[in-house]
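The values are calculated or read from the model by the stated rules, or taken from the named source; none is laboratory data. Computed from a predicted model, the values in this text were never measured in an experiment. Cβ sites come from the backbone with ideal geometry, for glycine too, and all protein chains shown count toward neighbours.
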Amino acid sequence: MSQLRPVLLSLLCAIGTGFMPAASAQSYPTKPIRVVSNAAAGSPGDIALRLVAPKVSAALAQPVVVETKGGGGGQIAAMEAIRSGTDGYSLLYSSSQIVTSKFLLKNVTIDTLRDLVPVSQSARTTNLLAVHASVPVNSLRELVDYSRRNPGKLSFSSNGIGSSLHLQFIGLMVSTGADLFHVPYGSANEGLRNNDFLTGRTSVSLIPYSSLKPALDAGNVKVLAVLGESRYRRLPAVPAVNEAYPDYRFSLGFWGFLAPAGIPQPIVNRLSGEIQKGYRDADIVAKLDALDVEAVGSTPQQFASFLKRYEETIAGLVKSAGLKPQ
């Protein structure tokens, strides 16, 4: 009997541990849920988060509190969320920078596929490739030719090294041979980044239509292409990048909800279900559409598959471009 006692104790512990997540998931949540976000205030991703948060809060009968912690390629927000434990009361809301930063930034400690679990993708946006009116080009091919004749003269901006915008420009340069100078802005400086482009301090930008329309109507900027494989419904005369350069590797940016690895799966599923419902809400879909943001919402499994493919795409792009962490 004495020999069986350790075995019985181990079995009882295993059974108890197995039942605890299910029990906690049934009563979850019993207190406010914190969402640590690396989306810049006022950015499309931030708006997508703040629109859905009240819907999730109402469905779960608990406050959903958003805390913005930008910088560090999304690492600061991720570390804060992970530090808070795996009970489902602290989530990460991140842009695609949480994936791309590990390829382009030194001393990155958070690995998305290892340290986080996907909950739901939230939104994505269509970016337009635009130049300031002072740039003497009127098409994508003219831009590429001009930049190759004047290497480094034209500058493009992004919201940080390793950000989605940075990688999208890298993909463009690798595929077309364009030679542009990178000016990185912090993720909290989205307004300044756009203003510097619209006033001509930087030459080229990837920017949503809603941020560009007043300057476009005033003739201060020129839209050369839609970033992707198809044309944009609000500017049907503007070609897609892939029409001129079929080999362009399009690295789409995204925002989404993730949780620290180890969170009980039933809690992940509960959160994901309510988030998905939020992004199917007609009012939220319409508000995001007015900002040129597509509401997504996805299951944890769909988001996991997307993240795996996305990381593989970024890894290949970084290798092709010969980029090293900075």
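Hey, any hits in segment 82-89 for a residue that's buried (at least 24 other Cβ atoms within 10 Å of the Cβ) and either in contact with a Leu (Cβ under 6 Å, 6 or more places away or on another chain) or in contact (Cβ under 8 Å) with a residue 60 or more places away in the chain (or both)?
So far as segment 82-89 goes, no, none of its residues is buried (at least 24 other Cβ atoms within 10 Å of the Cβ) and either in contact with a Leu (Cβ under 6 Å, 6 or more places away or on another chain) or in contact (Cβ under 8 Å) with a residue 60 or more places away in the chain (or both).
Go through segment 1-46 and give me each residue that's modelled with pLDDT of 95 or more and under 18 Å from I284 (Cα atoms).
Matches in segment 1-46: none.
State all residues of segment 180-189 that are under 19 Å from the mean Cα position of the chain (by Cα) and in a loop (DSSP other than H, G, I, E, B); if no residue qualifies, say none.
Y185, G186, S187, A188, N189
Look at L192 and say whether it is under 25 Å from the mean Cα position of the chain (by Cα), surrounded by fewer than 18 Cβ atoms within 10 Å (Cβ to Cβ), assigned by TED's automatic domain parsing to the domain that holds G152 and more than 24 Å from Y245 (Cα to Cα).
For L192, the condition - under 25 Å from the mean Cα position of the chain (by Cα), surrounded by fewer than 18 Cβ atoms within 10 Å (Cβ to Cβ), assigned by TED's automatic domain parsing to the domain that holds G152 and more than 24 Å from Y245 (Cα to Cα) - is met.
Checking the condition more than 21 Å from W255 (Cβ to Cβ), in contact with a helix residue (DSSP H, G or I) (Cβ under 7 Å, 6 or more places away or on another chain) and in contact (Cβ under 8 Å) with a residue 24 or more places away in the chain, which residue from F156, F197, F181 passes?
F156
So that you can scan it fast, the table gives a plain yes or no per residue for (1) assigned to a helix (DSSP H, G or I); (2) out of contact with any Phe, Trp or Tyr (no Cβ under 8 Å at 6 or more places or on another chain); (3) surrounded by 18 or more Cβ atoms within 10 Å (Cβ to Cβ):
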{"residue": "Y248", "(1), (2), (3)": "no, yes, yes"}
{"residue": "G256", "(1), (2), (3)": "no, no, yes"}
{"residue": "A259", "(1), (2), (3)": "no, yes, yes"}
{"residue": "N269", "(1), (2), (3)": "yes, yes, no"}
{"residue": "K308", "(1), (2), (3)": "yes, yes, no"}
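Within segment 278-293, work out how many residues are charged (D, E, K, R) and surrounded by 15 or more Cβ atoms within 10 Å (Cβ to Cβ).
Matching residues across segment 278-293 total 3.
Restricted to segment 212-226, and to residues that are surrounded by 22 or more Cβ atoms within 10 Å (Cβ to Cβ) and in contact with a helix residue (DSSP H, G or I) (Cβ under 6 Å, 6 or more places away or on another chain), which residue is nearest to L172 (Cα to Cα)?
Keep residues of segment 212-226 that are surrounded by 22 or more Cβ atoms within 10 Å (Cβ to Cβ), which gives 212, 221, 224-226.
Narrowing the set further to residues that are in contact with a helix residue (DSSP H, G or I) (Cβ under 6 Å, 6 or more places away or on another chain) leaves 221, 224-225.
On the way: V221: 20, L224: 13, A225: 11 Å.
The residue in question is A225.
So T86 passes all but one of these: (1) over 16 Å from G70 (Cα atoms); (2) in a strand (DSSP E or B). Which condition number does it fail?
In the conditions (1) over 16 Å from G70 (Cα atoms); (2) in a strand (DSSP E or B), T86 misses (2) alone.
Does V183 qualify as being buried (at least 20 other Cβ atoms within 10 Å of the Cβ) and more than 30 Å from S84 (Cα to Cα)?
On the way: buried (at least 20 other Cβ atoms within 10 Å of the Cβ): no; more than 30 Å from S84 (Cα to Cα): yes.
Criteria not met by V183.
What is the number of the single condition among (1) acidic (D, E); (2) in contact with a Lys or Arg (Cβ under 7 Å, 6 or more places away or on another chain); (3) without any contact (Cβ under 8 Å) to a residue 60 or more places away in the chain that D281 does not meet?
Going through the list (1) acidic (D, E); (2) in contact with a Lys or Arg (Cβ under 7 Å, 6 or more places away or on another chain); (3) without any contact (Cβ under 8 Å) to a residue 60 or more places away in the chain, D281 breaks only (3).
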